[in-house]
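J.: My questions all concern the structure below.
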Amino acid sequence: MEKRYIGIDLGGTSMKMGIVDENGQVILEKEHPTLKEEGPDGVINRMIAHARELADLSHTSWQQIGGVGVGLPGFLDIPNGIARHLTNLGWTDVPIRDRLQAGLGLPVAIDNDANVAALGEAWCGAGAGVNDVVCITLGTGVGGGVIAGGRLLHGMNGFAGEIGHIQMDPDGHPCNCGQVGCLETISSATGMIRLANEAIAAGRSSLLREKAGQHQLSTRDLFEAASQNDEVAKEVIGQAVQALARALAMLSIVLNPARFIIGGGVSKAGDALFVPLRAAYRQRTQKNAQEGVEILPAKLGNRAGFIGAAGLIARREK
Ligand SMILES: [Zn+2]
């Protein structure tokens, strides 16, 4: 009988979960509130109950399920299956893998949310069919995950793939990570909006000034203003694109991936982001390192997390 796998993408407000087949195709998916105020015990018990419910609703026998993978937002001890610090959830040192395994009677694997999203895209999204993929999420922060030779890269402390914290400017803005001038301070939505607000505060004239007076600026406002030839918006987007292209050039030298997959809210700008990004990447990257390399938008949206989480188990068995 064909095996099926359950993936859970646990966030601070909701848990997205799904049951997938051996190829990562989604059979059924559900979303439930996390209810983090119930604490680790309450949340873990509901993860178990919802996993069983997913099997029932999809007419999958428990024996048919090969295991459950979980993506978690924060710092993990992956070999020991422990959630060390999940800031969004307020969890410290929760042995989540063993607790789930005991409650489910199935193999359980955990990984961080950026890594499972990368694995999802690599498995059956924009990275399908190639073995070397780097995924970058441009949202509030800049997340990343690296699949090299078909495997997720973790490194010694699980920090591999945290592309948002490559230092681009040694004199740059302080980053949440304790460093300064990280890629995240320039190319995330937060970073781009900060740079636009700084330009406005410095007295630059811009279409964004009026918008900033009405509501919190968004990257959508920036791309819209840039399309109307607004200098400040074009500069901020240009900086974000150049910093990202430099990071991709470095990653090409170290990892030589076949594809860079870009997701997250900022990537919704489409060609306004991808066309200049590809051009800057071509210009900045050594010839052999960039040959045949593609820069593509992510395909799976917010389903990448639970699909990749299921892949932690599904791909391990092969
Ligand atoms: Zn940083």
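The values are calculated or read from the model by the stated rules, or taken from the named source; none is laboratory data. What you see is a predicted model, and the numbers here were worked out from it, not measured in a lab. All Cβ positions, even for glycine, are placed from backbone atoms using ideal geometry, and neighbour counts span all protein chains on display. Surface areas here come from the heavy atoms of the whole protein model, side chains and all, with no ligands, DNA or RNA. Shrake-Rupley method; radii C 1.70, N 1.55, O 1.52, S 1.80 Å.
J.: Once you've got the GNM for the chain with C-alpha springs shorter than 10 Å, pick whichever of ALA245, ALA160, ALA114 has the biggest mean-square fluctuation.
T.: Between ALA245, ALA160, ALA114, it is ALA160 that shows the largest mean-square fluctuation.
J.: Amide H to amide H under 5 Å from ALA298: which residues, 5+ apart in sequence or cross-chain, H placed 1.01 Å off N in plane?
T.: Those lying under 5 Å, H to H, from ALA298 are ILE262, GLY263.
J.: Separate question: Can you tell me the mean projection area, over all orientations, of the convex hull of segment 226-318's alpha carbons? Units nm², please.
T.: For segment 226-318, averaging the hull's shadow over all directions gives 7.3 nm².
J.: Which number gives the lysine pairs in the chain that have C-alpha atoms under 16 Å apart and are eight or more places apart or on different chains?
T.: 5
J.: When only Cα pairs under 8 Å and 6 or more residues apart are kept, what is the percent relative contact order across segment 130-298?
T.: After rounding, I find 23 percent.
J.: Please go through segment 178-236 and write out the GluC sites (Glu not before Pro) that DSSP classes as loop and that have at most 10 other C-beta atoms within 10 Å.
T.: Qualifying residues, ordered by number: none.
J.: Mind checking the per residue accessible area of the chain for me, 1.4 Å probe, whole number of Å²?
T.: Ligands and nucleic acids excluded, the figure is 45 Å² per residue.
J.: Just to check I understand the Karplus step: with θ = phi - 60° and J = 6.51 cos²θ - 1.76 cosθ + 1.60, what whole-Hz values come out for segment 4-14, glycine and proline as x?
T.: 3J(HN,Hα) across segment 4-14, in whole Hz: 10, 9, 10, x, 10, 10, 8, x, x, 10, 9.
J.: If one computes P(r) from the Cα atoms of segment 21-70, what percent of pairs lie at distances over 14 Å?
T.: The answer is 58 percent, as a whole percent.
J.: Could you report the accessible area of LEU195 in Å², rounded to 10, computed with a 1.4 Å probe on the protein chains as they sit in the structure?
T.: Approximately 30 Å² of LEU195 is accessible to the 1.4 Å probe.
J.: Between ARG194 and SER227, what length in nm is gained on full extension when 0.36 nm per residue of separation is reduced by their alpha carbon distance?
T.: Going from the current span to full extension adds 9.9 nm.
J.: Quick one: what Rg and Dmax do you get for segment 1-107 from the alpha carbons, in Å?
T.: Computed over the Cα atoms of segment 1-107, radius of gyration and Dmax are 13.4, 40 Å.
J.: With a cut-off of 8 Å between alpha carbons and a minimum separation of six or more residues, what is the relative contact order of the chain in percent?
T.: 21 percent
J.: Answer rounded, prolate or oblate for the chain, using the Cα gyration tensor with square roots of eigenvalues a ≥ b ≥ c: rounded when a/c is under 1.5, else prolate when a/b is larger than b/c, else oblate.
T.: prolate
J.: Taking the Cα-to-Cβ direction at VAL180 and at ASN80 and moving 7 Å from each Cα, how far apart do the two end points lie in nm?
T.: Output for this residue pair reads 3.5 nm.
J.: Sticking with this one: Averaging over every viewing direction, what projected area does the convex hull of the Cα atoms of segment 130-298 cover, in nm²?
T.: About 9.9 nm², averaged over all directions.
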